[in-house]
Protein chains: 2
Amino acid sequence: MNSTNNTVSLETLTSLCKRRGFVFQSSEIYGGINGFWDYGPLGIQLKNNIRDEWWKAMVECPPLGPDGDPLQIVGLDSSIIQNPQTWVASGHVGGFSDPMVDCKATKNRYRADQCWVVAFESSEAGEEGHHLRLEVAVEADAKEVAIETAREKLSKKEKKSLGDNPAAVAYTQMDLPDGWPRLSPATQENTLTEPREFNLMFETYVGAIKNDESKAYLRPETAQGIFLNYKNVVDTSRVKVPFGIAQIGKAFRNEVTPRNFIFRSREFEQMEMEWFCHPDESQKWFNFWKEERMKWWESLGIEPENLRFRDHDADELAHYSNACVDVEYRYPFTAPDFGELEGIAHRGCFDLTQHQEASRQKLEYLEAETGNRYLPNVIEPASGLTRAVLVILCEAYREEWVPKDGVEGGPIAAEPGQPTPEGYESRVVMKFLPKLAPVKVAVFPLLKNRPELVVKAREIYYMLRPKWTTFYDQAGAIGRRYRRQDEVGTPYCVTVDFDSLQDDTVTIRDRDTMEQVRVPINELETVLAERLG
Amino acid sequence: MNSTNNTVSLETLTSLCKRRGFVFQSSEIYGGINGFWDYGPLGIQLKNNIRDEWWKAMVECPPLGPDGDPLQIVGLDSSIIQNPQTWVASGHVGGFSDPMVDCKATKNRYRADQCWVVAFESSEAGEEGHHLRLEVAVEADAKEVAIETAREKLSKKEKKSLGDNPAAVAYTQMDLPDGWPRLSPATQENTLTEPREFNLMFETYVGAIKNDESKAYLRPETAQGIFLNYKNVVDTSRVKVPFGIAQIGKAFRNEVTPRNFIFRSREFEQMEMEWFCHPDESQKWFNFWKEERMKWWESLGIEPENLRFRDHDADELAHYSNACVDVEYRYPFTAPDFGELEGIAHRGCFDLTQHQEASRQKLEYLEAETGNRYLPNVIEPASGLTRAVLVILCEAYREEWVPKDGVEGGPIAAEPGQPTPEGYESRVVMKFLPKLAPVKVAVFPLLKNRPELVVKAREIYYMLRPKWTTFYDQAGAIGRRYRRQDEVGTPYCVTVDFDSLQDDTVTIRDRDTMEQVRVPINELETVLAERLG
């Protein structure tokens, strides 16, 4: 693969996703709902393929350990709504929050670290004080944006007083200098409260009565469901430390500012594995899983140059974490920089300690050989399945120039901003690895109004679809049907033409090279099996 | 299979499920949370296998239609939290509710149709009126239980006044005679409100502000997410009416009385397919899907005698439904009667009409050939994935008598209540079809303290696990290891013994017949592939 991938804009990708049925805005006919997305016919197939790859790599066929021994990892599916004490013990009720300010006049609420006050210094000699303005920026680090926006909004009169290009400073509501008014974006007056912590967990009530006792939460991560079942698994599954418990499932975070398409949504899917090991061996396993996880991402066809590790500094570690490294990806919206894709955290024995204390259940592990009891340490590779979908989409996207009929040669990478060369036309192609492609094979009759072609093409479709996800299409010119399959990333197209009726052969057309080869129908399954791997 | 299955009690099954890691009570270390369950290492594999069978039968390889044409069904995964207008239009905000009464004194809340007033007639001649008592029973139809419980609670003094066996009547709070006091179970006084409808949808708030505008719901069914995306799918997926959209996912209902293990839980998983067709053909498709769905359940190994259809009477049809038939199963807690497993509903064009009106988006289908526009009718086969897990567990459960060493013959069905015959011992075996079994193959070295056996057994384990879910176990006597695998339903056990070291053969032991055959290791994969299908 070439690496033009991270140049695709999020707008282009979002539009392709909608047009081809990968990802739709949730509840679109009602104007949507911010931070929620639906996965369409192709999106669910892609997501399922990634899900299955992870499950295979974790549960069904985990890697050999550093000593060459087979690892033991079992699966789990815990409920989204759990006993609320879970989230007290885990620290989420107390600490999983964003700082917010409320406008006392309008009851509006804002993220304190995204709510800026911009002050302009008067250029007139001798004048004291500042000229204050309020700007709400989307990101916590959008200081320059806030200043620029405020500057553009200055009236003629203000400019006259301040000068054309007055010096500016900006503070969020988190670090406002003493004595400055807390200007509300709604009223432009001093009507904001002090910053308060706003919990990111969605709340609900279980049972017929709404009160503090019935309050529950939608899980903000799948991990705690694993810790709660750690003892059940030890008692019932014949596992011995070291072992892992893996889970894939939905999680919910009431993000104040969901953004970047499916990168940060309020409802998302996680893939988390908790690896329970002896404290003395935890560093070894941390290193092991760090390397294994990078290998796995590369096995999905992601260019190594678009992936990197980033160690967390001591001061950015979560309260439960002894060490953490992120696998980062070069997203379109971070390029040339990188953003989080997976975190591999050394959680020590924080979670089991917390749940042991809060539940008063003994969670120590009894080592049969030595009689020793201890709380295992935990190494956690945690990633987002829905975020993985975004990465695979970004990585697969290509714009290419392809030779028109009669021109020699194969497709070449399009150069951004350049016109299509003479004799070429452009195409969009999603270069998914075959194992991830939502559709593996498309089957076409050359013409739809020739029943003998249609009958034969359908026979082939019936033959293939029990083995691979197969798509049948008879409408439109054959060239347009190929392009459509390119755009959804189908690796192979099989076409039934008039020769097929004579000699029982068909053409197989390769998505990437666009080359066509003729294959006898009775060898088709074998040839496709070889190519699809 | 024999049909002893529906004699297993729910207690026995729940206990096996916990002991072997199929299903755990959610948040058990915190005392659980009523109506929520977690799927353990074996439960998640079983659930995934059923999920994959459904997805294959619906999306990847749907049946041929009544005319022999291939059906078009595409997948979808919509979000759990949707725009709340969805549930207004669908009728859930207005009508998806249970009747409740509140105690004004204690703020307790009860289901009005499960809250009984029992009245005893005085046996003393000439005395007027009733002697009222309040009983709360678990089920709406537990009238006799309520009366019996009330009778047992009569004091000596009351008995003296009423006589030893006074005549009794009972009414729920739904049909209380005029003028009777609404006795509260908490106060035994007239402190209950009139019955009011309590909505079964879980509520939450999206965004930083809690008010009516930010109120949202956890979806009580996956179906509406399909209707919301119907137009997106038509516009992007090259489907033509008739076609289907299928979805598997979590749904939530704040049941007042969750019960019967995973049969009725508050968080569950649905498998729903909406089949969009021309109104004139809807009855044909209703009949088609009715038959197809029954075939599918039978393909999972469920005894036909434990399955039946039940047509809904006109007066029990939901407001949106023109016709409905249930596939019912003989559950342990309904036997010899049946309970709901799947509903196949003729929804007419109710949902699309509602959403078209509420969203003001045109949802009509344009028939390309004729230029006609119409709202398709919908046939909906809807079942519970988690309920299917329960059915497969019930159906697989067997208690058998198996001959001890030296006794001829194979296993025979145990007769309930009878002692184990001489020369036999009992076993529990889960007779899952191989395609549903959580573990397909177990691999054992005969002894764990002989490294040459262990090494060879592990080699075989590594060889098999990329193809099938394979379990390695070296601890305990070989007979106990077989029994453990019987109890989790593993179809085949492969044992490496001392002969294996000489001639590279192993034994394959069959779960159902308990017969063992010797197979060369280099033929093992082929033999297992044949047997596992």
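For the structure I just gave you, tell me whether B:Q72 is on the phi < 0 side of the Ramachandran plot, more than 8 Å from chain A (Cβ to nearest Cβ), free of Cβ contacts under 8 Å to residues at least 60 places away in the same chain and in contact with a Phe, Trp or Tyr (Cβ under 8 Å, 6 or more places away or on another chain). Give the steps one after another, and end with the answer.
Numbers: on the phi < 0 side of the Ramachandran plot: yes; more than 8 Å from chain A (Cβ to nearest Cβ): yes; free of Cβ contacts under 8 Å to residues at least 60 places away in the same chain: no; in contact with a Phe, Trp or Tyr (Cβ under 8 Å, 6 or more places away or on another chain): yes.
Taking the combined requirement at face value, the residue does not satisfy it.
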Report summary line: B:W468 fails exactly one of (1) at pLDDT 95 or above; (2) of a type in the set (F, W, Y); (3) more than 22 Å from B:D510 (Cβ to Cβ), namely (3)
**Report entry** Contacts under 6 angstrom Cβ, first residue in the stretch B:22-44 being within 7 Å of chain A (Cβ to nearest Cβ) and part of a helix (DSSP H, G or I), partner open to solvent by 10 Å² or more (accessible area, probe 1.4 Å) and among the aliphatic types (A, V, I, L, M), 6 or more apart
**Finding:** B:P41/A:V74
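So that you can scan it fast, the table gives a plain yes or no per residue for (1) aromatic (F, W, Y); (2) within 14 Å of chain B (Cβ to nearest Cβ):
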{"residue": "A:E148", "(1), (2)": "no, no"}
{"residue": "A:E158", "(1), (2)": "no, no"}
{"residue": "A:A170", "(1), (2)": "no, no"}
{"residue": "A:E189", "(1), (2)": "no, no"}
{"residue": "A:E194", "(1), (2)": "no, no"}
{"residue": "A:F198", "(1), (2)": "yes, yes"}
{"residue": "A:G207", "(1), (2)": "no, yes"}
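Among A:K56, A:K47, which is open to solvent by less than 10 Å² (accessible area, probe 1.4 Å), at pLDDT 95 or above and in a helix (DSSP H, G or I)? Step through it out loud before you land on a result.
Values: A:K56 fails: open to solvent by less than 10 Å² (accessible area, probe 1.4 Å).
That would be A:K47, the only listed residue that is open to solvent by less than 10 Å² (accessible area, probe 1.4 Å), at pLDDT 95 or above and in a helix (DSSP H, G or I).
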Query raised in the report: With A:S359, A:S426 as the choices, which residue is among the hydroxyl-bearing types (S, T, Y) and under 27 Å from A:T222 (Cα atoms)?
Result: A:S359
Query raised in the report: Taking the stated definitions as given, is A:P466 touching a Cys at 6+ places or on another chain (Cβ under 8 Å) and open to solvent by 70 Å² or more (accessible area, probe 1.4 Å)?
Result: yes
Report summary line: The lone condition B:R238 fails out of (1) over 30 Å from B:A112 (Cβ atoms); (2) more than 11 Å from chain A (Cβ to nearest Cβ); (3) open to solvent by 20 Å² or more (accessible area, probe 1.4 Å) is (2)
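Residues being open to solvent by 30 Å² or more (accessible area, probe 1.4 Å) and at the interface with chain B (Cβ under 8 Å from one of its Cβ atoms): count how many of those fall in the stretch A:212-235. Give the steps one after another, and end with the answer.
Step one: filter the stretch A:212-235 for residues open to solvent by 30 Å² or more (accessible area, probe 1.4 Å), giving A:212-213, A:215, A:231, A:234-235.
Filter again for at the interface with chain B (Cβ under 8 Å from one of its Cβ atoms), leaving A:231.
Residues that pass the stated criteria total 1.
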Report summary line: When every residue in the stretch A:491-516 that is out of contact with any helix residue (DSSP H, G or I) (no Cβ under 8 Å at 6 or more places or on another chain) and over 20 Å from A:A414 (Cβ atoms) is compared, the one least open to solvent (accessible area, probe 1.4 Å) is A:T507
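Filter the stretch A:388-410 down to residues that are in contact with an Asp or Glu (Cβ under 8 Å, 6 or more places away or on another chain) and either open to solvent by less than 20 Å² (accessible area, probe 1.4 Å) or modelled with pLDDT of 95 or more (or both), then give me how many there are. Steps first, please.
Going residue by residue through the stretch A:388-410, those that are in contact with an Asp or Glu (Cβ under 8 Å, 6 or more places away or on another chain) are A:395, A:401-402, A:404, A:410.
Imposing the further condition that a residue be either open to solvent by less than 20 Å² (accessible area, probe 1.4 Å) or modelled with pLDDT of 95 or more (or both) reduces the set to A:395, A:401-402.
Count: 3.
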Query - Failed item in (1) among the charged types (D, E, K, R); (2) in the same structural domain as A:E525 (by TED's automatic domain parsing); (3) free of Cβ contacts under 8 Å to residues at least 24 places away in the same chain, with A:D473 passing the rest - result: (3)
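Looking at the stretch B:447-491, which of the residues that are basic (K, R) and in a loop (DSSP other than H, G, I, E, B) is farthest from B:V428 (Cα to Cα)?
Let us first name the residues in the stretch B:447-491 that are basic (K, R), namely B:448, B:450, B:456, B:458, B:465, B:467, B:480-481, B:483-484.
Retained after the next criterion (residues that are in a loop (DSSP other than H, G, I, E, B)): B:448, B:450, B:465, B:467.
On the way: B:K448: 25, B:R450: 30, B:R465: 26, B:K467: 27 Å.
Checking each candidate, the answer is B:R450.
Considering every residue within the stretch A:84-101, establish whether at least one is without any contact (Cβ under 8 Å) to a residue 40 or more places away in the chain, surrounded by fewer than 23 Cβ atoms within 10 Å (Cβ to Cβ) and either facing another protein chain (nearest Cβ under 8 Å) or not in a helix (DSSP H, G or I) (or both). Reasoning before the result, please.
First, the residues of the stretch A:84-101 that are without any contact (Cβ under 8 Å) to a residue 40 or more places away in the chain: A:94.
If we keep only those that are surrounded by fewer than 23 Cβ atoms within 10 Å (Cβ to Cβ) too, we end up with A:94.
The next check asks that each one be either facing another protein chain (nearest Cβ under 8 Å) or not in a helix (DSSP H, G or I) (or both); those that pass are none.
Checked the stretch A:84-101: no residue is without any contact (Cβ under 8 Å) to a residue 40 or more places away in the chain, surrounded by fewer than 23 Cβ atoms within 10 Å (Cβ to Cβ) and either facing another protein chain (nearest Cβ under 8 Å) or not in a helix (DSSP H, G or I) (or both).
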Query raised in the report: Looking at the stretch B:338-358, which of its residues are touching a residue at least 60 places away in the same chain (Cβ under 8 Å), within 14 Å of chain A (Cβ to nearest Cβ) and out of contact with any Asp or Glu (no Cβ under 9 Å at 6 or more places or on another chain)?
Result: B:Q354, B:H355, B:E357, B:A358
Requested in this report: Taking A:F444 as meeting all but one of (1) in contact with a helix residue (DSSP H, G or I) (Cβ under 6 Å, 6 or more places away or on another chain); (2) surrounded by fewer than 21 Cβ atoms within 10 Å (Cβ to Cβ); (3) part of a strand (DSSP E or B), write down the number of the exception.
Outcome: (2)
Query raised in the report: Which of the residues belonging to the stretch B:241-270 are more than 10 Å from chain A (Cβ to nearest Cβ), more than 21 Å from B:G75 (Cα to Cα) and surrounded by 20 or more Cβ atoms within 10 Å (Cβ to Cβ)?
Result: B:R253, B:F261, B:I262, B:F263
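The values are calculated or read from the model by the stated rules, or taken from the named source; none is laboratory data. Please read all numbers here as calculations on a predicted model, not as lab measurements. When we count neighbours, we look across all protein chains shown, and the Cβ atoms used for this are built from the backbone with ideal geometry, even at glycine. SASA here: full protein model, heavy atoms, side chains in, ligands and nucleic acids out. Shrake-Rupley method; radii C 1.70, N 1.55, O 1.52, S 1.80 Å.
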